[in-house]
Structure formats: C-alpha cells, structure tokens
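The numbers here are math on the coordinates, done by the rules we state, and not lab data. As the structure is a prediction and not an experimental result, all values here were calculated from the model. With ideal geometry, Cβ positions are generated from the backbone for all residues, glycine too; neighbour counts draw on all protein chains shown.
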Amino acid sequence: MALASGVRFPARALLRPWSLLRDTTLGRSEPAAGGGGGGDGARLFGSQRVLVEPDAASGVAVMKFRNPPVNSLSLELLTELVISLEKVENDKTFRGVILTSACPRVFSAGLDLTELCGRNPAHYTEYWKAVQELWLRTYLSSLVLVAAINGACPAGGCIIALACDCRVLADNPKYHIGLNETLLGITTPFWLKDTYVNTIGHRASEQALQLGSLFPPSEALQVGLVDQVVPEDQVLSTALSEMARWLAVPDHARQLTKTMMRKATADRLLRQRDADIQNFVSFICRDSIQKSLQVYLEKLRQRKG
Ligand SMILES: CCCC/C=C/CC(=O)SCCNC(=O)CCNC(=O)[C@H](O)C(C)(C)COP(=O)(O)OP(=O)(O)OC[C@H]1O[C@@H](n2cnc3c(N)ncnc32)[C@H](O)[C@@H]1OP(=O)(O)O
C-alpha cells in the first residue's frame, strides 16, 4: 500500500488493506457530504483493534486502542492504527485526533514482545517497518494529535504519546510513563532517542534512557514528559479542552510550524530507513538479545497483580 511516508505494508495489508478494517458504521450507511467519516457524528468507523469515534461538528475524532489485555503493539494493531490515522487524515472533516485506550488501566504496554521473540528475520523486517511507519505517520501528522493517557504508558506506549502534540496523563501512581528499553536489555533507536531529547532535553534523556526510568505522573509532569496531570475521570475532557486550544490556531500556520520543528528529526530516519531496519534485525536476532527478551517476557507472565 502506498503511504505518505513511503513504507511498504505487510503482504496481507497490501493485498486487501481495508480487509484489516471492520466497518463499524452505526446509524448511517453513506458518508456525509464533503467528508468520508463524519456527518452528524453518529457514524463510527474503525477496526477490530482501533475504535474511531468521529465528531464532525468539532472536527475531532477520538481513536481508542482496543487490543486487550494491554494494547501491546502487535503487527495487526500497528497496521490498523496507521490505516485509521490515514483514513481520518484524508477526510477533510477532521482537524484533530485524540489517542486513548479502550483497555482499563493501560494506555499501551509498548511493542508486542511476542513479535520480537523467536521469529525470523523476514518477520522482524516487516514488524520494524510497521513501527517506523506508525511513528512517521503520527510524528508528521498534519492533524493536531492529543494523547489522553488513561493508563500505564511504558516504552512503545510512550513513543506514541511523544509523537503527539500534547499529552494529558491520568493522576494514578500506577500509570508510569517512559522509555524503559534498557531494562529489557535492548536500546532505543536513534530516532526515538531524538524524540525524547526534543521533549525533555538532553541531560534528562541521557539519565532516563540509560536508567530505563518509568515516571509516575507527578515526576512525568515535572520532567516535561506530559503537559497535564488530571484526575482519571477528567482525562478525556481535558484532552478535548487542550484540543480546542490547539484548533483555535489557523491550520496552515500551525502545520508549517509543526513541520519546521519536527522535520529534521523525521528526516534523519527517512534518510536511512533501510539501514535502520537492518540494524534492528541484526540486533534483535542476536542470541543474547533473544535471551534477555525471553527472560523479561517470562518474568512478566509470572508476575501477577
Ligand atoms: C532495538 C530495539 C528497540 C525496541 C524498542 C522497544 C520498545 C518497547 O516497547 S519494548 C516493550 C516494553 N514494554 C514493557 O516493558 C511493558 C511490559 N508490561 C508491563 O509492564 C505491564 O504488563 C503493564 C504495566 C503494561 C500492565 O500491567 P498489568 O498488571 O495490567 O498486566 P500484566 O499482568 O503485566 O500483563 C497482562 C498480559 O499481557 C502480557 N504483556 C504485557 N506487556 C506485554 C508486551 N509488551 N508484549 C507482549 N505481552 C505483554 C503479560 O505477559 C500478560 O500475559 P499473560 O496473561 O499471558 O501472563
């Protein structure tokens, strides 16, 4: 499938990209005039793992991850997210998307460790392309993206949140956010490290990345990883208020400014995507890395509660 960032999609998505999306249209069977997804706001479109609730009146769609139990970023979820974002972005009814979780207590557990363990190089290649694609699609989106973080947000979950323009985190001491890759025995790719540095600065990133720090809400706010910490039942309403603030700015000026701020970081990856994939595949295929990941996954499975 030809996507803006030029990545090739998994074979099944290439053959029938929309087959990954189950249309959950309610109420209307035809798109509203002038747009494909909004109408009176009663239309829902999404997929098995991504629920999209569009509100044409406000031009905002709420996109909910729905991959229980922990919204781990499986190849399917990554693919469905990219397709859903592309679909909303191509519909001129919409100017903003709120990303949130439909699973209790977890925004996203990050990359699906079962995609990183015991597979073959062709699978790792396909998987990493999908990770790159989601990051590029979110980081460079012309839409306003607000993360309504209503649960734990480690690693890949944090990466999605960092690609948004604004982050609102629920005030629950169990909802940690950060990049903890080193604790799994792996390293953060340069483009995600750059995103971290852009958000919280060099020194804080140097420390947090090496230590694999996961920040509770108050510390996440202090370090600048999130913009607001609010009671759990106010996360979505606060995200909507933030969205209104961002949408009050004329789109063209905001979009040009976003591009100016983010282009250099994205270009670093765009210039060397294939090399980045090769690096990832050779790294993840190492016996020592496979062992570390398996030990971590086993600990996760044994740890309950
Ligand atoms: C060069 C390489 C760069 C790669 C970059 C990698 C970035 C990443 O994203 S790596 C992934 C890192 N993620 C984590 O470390 C998070 C691990 N998960 C957790 O800490 C917790 O699950 C949670 C805080 C998110 C939620 O806790 P909760 O108590 O609600 O649920 P659990 O009982 O722990 O988990 C339920 C179930 O889900 C499985 N699981 C959890 N996380 C993952 C995951 N990331 N991938 C696959 N599976 C996961 C967990 O094992 C449990 O499974 P079982 O019910 O079968 O035991």
- Message: Please compute the length gained on full extension between ARG203 and ARG271, using 0.36 nm multiplied by the number of residues separating them and subtracting their Cα-Cα distance.
- Response: 21.9 nm
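Are there trypsin sites (Lys or Arg not before Pro) in region 146-197 that DSSP puts in a loop and that have at most 13 other Cβ atoms within 10 Å, and which ones?
Here the trypsin sites (Lys or Arg not before Pro) that fit, given the DSSP loop and packing criteria, are LYS174.
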- With a 10 Å radius around each residue's Cβ, average the other Cβ atoms per peptide and rank 252-261, 143-152, highest first. 143-152, 252-261
- Item | Cβ-derived FRET efficiency at R0 45 Å, ARG119 paired with VAL249, nearest 0.05 | 0.55
- Note on the structure: The size of the Cβ-based charge dipole (Lys, Arg +1; Asp, Glu -1) of region 129-282 about the Cα centre, to the nearest 20 debye, is 460 debye
- Query: Using Cα pairs under 8 angstrom and six or more residues apart, how large is the relative contact order of region 168-289, in percent?
  - Reply: 33 percent
- Task: Run the numbers on region 45-303 and let me know its relative contact order in percent, using alpha-carbon pairs under 8 Å that are six or more apart.
- Result: 18 percent
- Query: Highest mean first, what order results for 153-161, 79-87 on Cβ atoms within 10 Å?
  - Reply: 153-161, 79-87
- Item | Karplus (6.51, -1.76, 1.60) ³J(HN,Hα), θ = phi - 60°, over region 204-212, in Hz, Gly and Pro reported as x | 4, 5, 4, 5, 5, 5, 5, 7, x
